[in-house]
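Just below is one structure, and these are the notes that go with it.
The values are calculated or read from the model by the stated rules, or taken from the named source; none is laboratory data. Note that the structure is predicted; figures quoted are calculated from it, not measured. Positions of Cβ are backbone-derived with ideal geometry, glycine not excepted, and every protein chain shown enters the neighbour counts.
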Amino acid sequence: MSSGSDLLFGPDGGQSPAPEEVSGPSEKTESKEYLVLVVDDDEYVHQLTTMVLKNFRFEGTDIRLESVMSATEAKAFLAEHPGVAVILLDVVMETDDAGLQLVNHIRNTLHDNEVRLLIRTGQPGAAPEESVFHDYDINDYLSKTDLTAHKLRMALLNALRSYRDIKHAAQLQKQIMLVEQESQAAEAASEAKSQFLAHMSHEIRTPLNGIIGIADILAGTDLSDEQKSYLNTIRMSGQALLSIINDILDFSKIEAGKLELEKTSFSLNEVCQSINAIFLAPIRDKGLKFELALDERIPENIKGDPLRLKQILLNLVGNSIKFTEQGSVGIKVDFVEQTAESDHEFMLRFTVHDSGIGIPNDKQKELFDAFTQVDSSTTRKYGGTGLGLQITKRLVELMGGDIQVESEEGKGASFIFTIGAGAGSLQTEHAEQSSGMSHKPPAETYILVAEDNTTNQLVIKAMLKRLGYQFEIAGNGQEAIEILSAADSAKPFDLVLMDCQMPVLDGFATTKSLRDSDQFQQLPVIALTAGATSQEQKMCYEAGMNDFLSKPITIEALEKVLLKWH
């Protein structure tokens, strides 16, 4: 019996070498077997190869030998059997270079770069090793004149290892591409959802501007007590709907990772006092006491995002008032020294406390989940989307802090959260002023309103009339430019209230056109739009607008921004 070192195809090639089992580690692979194709026009070569590789296994997996007698048969076999791992390939068959042409067919026509190609030739002079390796994409070269059973098995073992690694790399690449595609699809879906919500917000805010705006105007007229009650219901319902829209937009932006925080100097005391002012009526109606305590170590001005901090406090204090029938609600703010590793100069710990109904222990962990309330009866009695505390939690985390609740049912609740902060500028921030400001009283101030929606026209006309301004209405941007250009030089317009979405010429293009004109470069333009996202605000400023009013607007908000610009 052969030891495996005897020549397979030498003068005594008729001697049958004893097969030996060759295997890598016993690790199982995903394949049930490896397919090895023998391409040779000599039947004896097929028989001997089958004998030598009879018990061959690779990493605990069997191989399956298939045999064809020519390159032509091999092409047909490969067309029907994808996934061949190794091909043992003769060179001289139906033509002198049939095997080499098969190599080109596999690599260039089938574009299969995974299969391992092992040339076995009995005429090395006709196909020299160096020349074949240089000109053809093969993986090994075996000369039948000095090939032993051991060499054949080792060559096959190395070829299968190479094939395994290539397959694993290809599968990994496929998984990476799949993850990237899923990520891109998720981003596209998130963007589509954000655009849809922004569009729906715009469409809802337009009629809501009519509801809240007209209610605001009616509030300043002579009404009976019954009419005032009805009107108050309309205003509260409108504000509740607006709050829901804002919550959904904020939640969408937070989910998409698009909510960015500002860093500006502001007075923490003023923010907290404004919370008291906002809730003054419900606090008075319920007979509650509002308590505010600020740590003396907190700087007069701090640096952070005052609007988002105010949103957090509005949510928490609003909930406290909602669930408290008697006693008190309050805000306590403590200064917390910060460690050297922190990105913030110091931390602030806020405690919003109340003496209300409290929260059961088994419900406290669910409070910060989206669309979750303590129980269904809470929604029926007190209303709400269940998004407020989830948004609050995410905002607190964006500010570098965390939030928790301490409560006992029937004994009130305390929501405790921290945020990172720094010392702000002590300079008083003045409102931006345009060099073109007229400093005229309202009765002498001439305003152009560019607005296409008739309901919104009615609202803004009534508000401007109530505030004592002179005004003119344009139905689109092109009409606004024509009116401005034709205005009497003795009575020019002092500012423009510009809707962004209009037919013919929208507010963005109109403003850009005005800024291109020397005559209107300094004319204050205030965006008056149903858009509410930071991206839309950015677009307004980039177009050359000076300020931004988001619908629905109130008469107080309109008056404040108008006084800022004339």
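Identify the residue in the stretch 252-289 that is in contact with a Ser or Thr (Cβ under 7 Å, 6 or more places away or on another chain) and in a strand (DSSP E or B) and, among all such residues, is nearest to GLU187 (Cα to Cα).
Filtering first and then ranking leaves SER265.
Is one or more of the residues making up the stretch 473-493 assigned by TED's automatic domain parsing to the domain that holds ASP452, of a type in the set (Asp, Glu) and surrounded by 20 or more Cβ atoms within 10 Å (Cβ to Cβ)?
Checked against the condition, which is being assigned by TED's automatic domain parsing to the domain that holds ASP452, of a type in the set (Asp, Glu) and surrounded by 20 or more Cβ atoms within 10 Å (Cβ to Cβ), the stretch 473-493 yields no hits at all.
Counting only residues that are within 23 Å of the chain's Cα centre (by Cα) and among the β-branched types (Val, Ile, Thr), which one in the stretch 387-428 is surrounded by the fewest Cβ atoms within 10 Å (Cβ to Cβ)?
VAL396
If the Cβ limit is 6 Å and pairs must be 6+ apart or interchain, which residue in the stretch 251-267 that is on the phi < 0 side of the Ramachandran plot and polar (S, T, N, Q) pairs with which residue that is surrounded by fewer than 19 Cβ atoms within 10 Å (Cβ to Cβ) and part of a loop (DSSP other than H, G, I, E, B)?
Qualifying pairs under 6 Å: SER265/SER425.
Which of the strands (runs of 3 or more DSSP E) contained wholly in the stretch 379-476 include at least 2 residues that are among the small types (Gly, Ala, Ser) and modelled with pLDDT of 90 or more?
Once the strands (runs of 3 or more DSSP E) in the stretch 379-476 are filtered for at least 2 residues that are among the small types (Gly, Ala, Ser) and modelled with pLDDT of 90 or more, what remains is 413-423.
So, of the residues in the stretch 305-329 that are among the small types (Gly, Ala, Ser) and at negative phi, which turns out to be surrounded by the most Cβ atoms within 10 Å (Cβ to Cβ)?
Looking at residues that are among the small types (Gly, Ala, Ser) and at negative phi, I get SER320.
Out of all the residues in the stretch 80-89, is one or more more than 22 Å from VAL132 (Cα to Cα) and either among the acidic types (Asp, Glu) or in a helix (DSSP H, G or I) (or both)?
Yes, the stretch 80-89 contains at least one residue that is more than 22 Å from VAL132 (Cα to Cα) and either among the acidic types (Asp, Glu) or in a helix (DSSP H, G or I) (or both).
If we keep just the residues of the stretch 115-150 that are of a type in the set (Asp, Glu) and under 59 Å from the mean Cα position of the chain (by Cα), which is modelled with the lowest pLDDT?
Top of the filtered list is GLU129.
Pick from the stretch 161-213 the residues that are surrounded by 14 or more Cβ atoms within 10 Å (Cβ to Cβ) and among the charged types (D, E, K, R): which of them is farthest from GLY60 (Cα to Cα)?
ARG205
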